[in-house]
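In what follows, a single structure is set out as structure tokens and then discussed.
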Amino acid sequence: MTSQTFVAPLASRVAVVTGASSGIGEATAEHLASLGAKVAVLARREDRLAELVSRIKKDGGTALAIAADVRDDEAVRAAAHQVKTDLGGADLLFNNAGVMLPAPIEELATDQWQHQIDLNITGLMNAIGAFVPQLVEAAAERGVGDLVNTSSITAQNLFPNFAVYSGTKAYVTHLSRHLRMELGPKNVRVSAIEPGIVGTELQSHVTDPGARDWLAGSKEMMEWLTAKDIAHTVGFLASQPARVNLQQVTIMPTGQTS
């Protein structure tokens with residue numbers, strides 16, 4: 001009986017994860033590193049990133065912390081330059097930074113509207129603009145690159161008081177379809193992940209009493225998804241043969257029906 005050497009499915013790959021200081025981003029960075037990828041983690045909270053990188057390195061992985069606000073285009077482009085210099089360039093971008101601030105439209109919470117648009121759309125585009133050239137270059141050299149965008153089930157279904165958030169996530173899903181048409185012929189796979197309710201600190205940012213009550217009630221009625229569930233989905237997408245592109249993945253708690 002001969003022994004076989006285990007080859008990590010993402011060995012030699014370089015992943016960038018935005019929104020990596022907590023929740024889905026944090027869990028995904030750790031999971032991708034466990035699959036062999038070198039991981040660059042981006043977020044504003046430098047202390048949280050340092051803790052994350054320390055854990056990844058303790059487990060034998062390679063990680064680079066870059067404190068940056070994705071809403072700042074210059075900061076994101078500087079981050080891309082650092083990834084290119086220190087890690088050789090990204091071939092996987094998990095575009096995950098985002099915020100959810102539901103409220104009745106008649107409350108005219110314009111600051112919250114703008115915050116969601118700035119982070120969920122502008123921040124997304126800043127990261128795409130900075131890192132897609134690296135994905136294309138890597139795909140030309142190695143045969144595959146991955147752009148994975150975090151959308152939401154709200155991109156498909158209707159939820160009272162979630163209009164602005166849902167609109168930003170519909171943008172993410174539809175953008176992803178279009179980018180797949182552009183980038184697929186260049187061997188860059190584009191995927192949109194549309195989760196239902198995931199237990200992260202996203203819910204703690206919600207200020208509207210009605211939305212908070214709805215979320216609390218849903219938690220009593222069903223078991224929410226975990227950040228690790230989404231992390232494993234990202235790892236699965238990136239581990240597929242280069243010919244396979246799961247372009248749109250909806251992942252729901254079993255008990256969530258809408």
For the chain, with a Gaussian network of springs between Cα atoms less than 10 Å apart, report the residue from D72, D86, D146 with the top mean-square fluctuation.
D86
Label points 7 Å out from Cα along the Cβ direction at R177 and T85: separation in nm?
4.1
Is there a pair in K38/K58; K57/K219; K38/K219; K169/K219; K169/K228 whose C-alpha atoms are over 25 Å apart, and which pairs would that be?
K57/K219; K38/K219
Segment T250-M222, extension gain: residue separation times 0.36 nm, minus the distance between their alpha carbons
8.3 nm
Mind jotting down a quarter of the surface of the convex hull over the alpha carbons of segment 115-173, in square nanometres, one decimal?
4.3
Size of electric dipole in the chain: Cβ of Lys, Arg +1 and of Asp, Glu -1, about Cα centre, debye, nearest 20
900
With 0.36 nm assigned to each residue of separation and the Cα-Cα distance removed, M125 to D213 gains 28.4 nm
Can you tell which of T233, T62, T207 shows the greatest fluctuation in a Gaussian network model of the chain with Cα springs below 10 Å?
T207
Using r as the Cβ-Cβ distance of A8 and R142, and R0 as 22 Å, what FRET efficiency do you calculate, to the nearest 0.05?
0.90
Run the reach check for K84 against aspartates and glutamates, Cα to Cα strictly under 18 Å, same-chain hits fewer than 8 apart removed. What comes back?
D73, E74, E137, E141, D146
Using the C-alpha atoms of segment 14-250, what convex hull volume per residue, in cubic angstrom, is computed?
115
If each residue's Cβ is checked for other Cβ atoms within 10 Å, how do D229, D111 rank with the fewest at the top?
D111, D229
Only Cα pairs under 8 Å and at least 6 apart count here; give the relative contact order of the chain as a rounded whole percent.
20
If amide H atoms are built 1.01 Å from N in the plane of the peptide, which residues on other chains or at least 5 residues away come under 5 Å of the amide H of R189?
G145, D146, L147
With the crude spin-label approximation of a point 7 Å out along Cα→Cβ, what separation in nm comes out for L108 versus R77?
3.7
The chain: most fluctuating residue of E107, E223, E141 per GNM, C-alpha cutoff 10 Å:
E107
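No lab work stands behind these numbers, since they all come straight from the coordinates. Since the model is a prediction, treat every value here as computed from it, not as a measurement. Note that we place each Cβ from the backbone using ideal geometry, even for glycine, and neighbour counts take in every protein chain shown.
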